[in-house]
Amino acid sequence: MIANTSQWVRAPQSGILRALCATGTRVEPGDRLAYINDPLGENNCEVVSPLGGIIIGKTNLPLIFAGEAVFNIATYEAAEQVSDHIEAYHEELTPNGTAPDGEEPPVV
């Protein structure tokens with residue numbers, strides 16, 4: 001699949017980022033992507049998707065400055081089809097149909 005365009009969604013304010021969407025998630029215009037709070041937990045700000053598409057990149061850093069790139073959203077002519085391919089790929093990674101338990105292997 002080839003993306004038509006991609007666009008970075010930037011942080012409207014500085015603070016602590018709480019992402020709500022993972023890479024590979026299909027989003028529509030107006031969907032909430034994350035919240036940004038100031039260090040004291042006040043001034044809650046929403047990060048909203050300006051366009052529909054698939055999230056192809058995101059920052060993993062919890063501290064964000066105003067104007068920093070947070071999510072990269074790619075637009076496709078058939079976004080639903082791309083979303084279906086991503087879901088099939090994830091199912092391929094978990095052949096039992098169950099998600100991994102998330103436990104880390106022991107440190108040796």
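FYI, it's all coordinate maths here, none of it is from the lab. Here the structure is a predicted model, which means the values were calculated and not measured. Every residue, glycine among them, receives a Cβ derived from its backbone with ideal geometry; neighbour counts consider all protein chains shown.
Numbers for the structure displayed
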item: Near-label residues of segment 40-54 by backbone N, under 16 Å of a point 7 Å along Cα→Cβ of L63; result: 40-41
item: Full-stretch length increase - A88, I2 - with 0.36 nm per residue and alpha-carbon distance subtracted; result: 29.2 nm
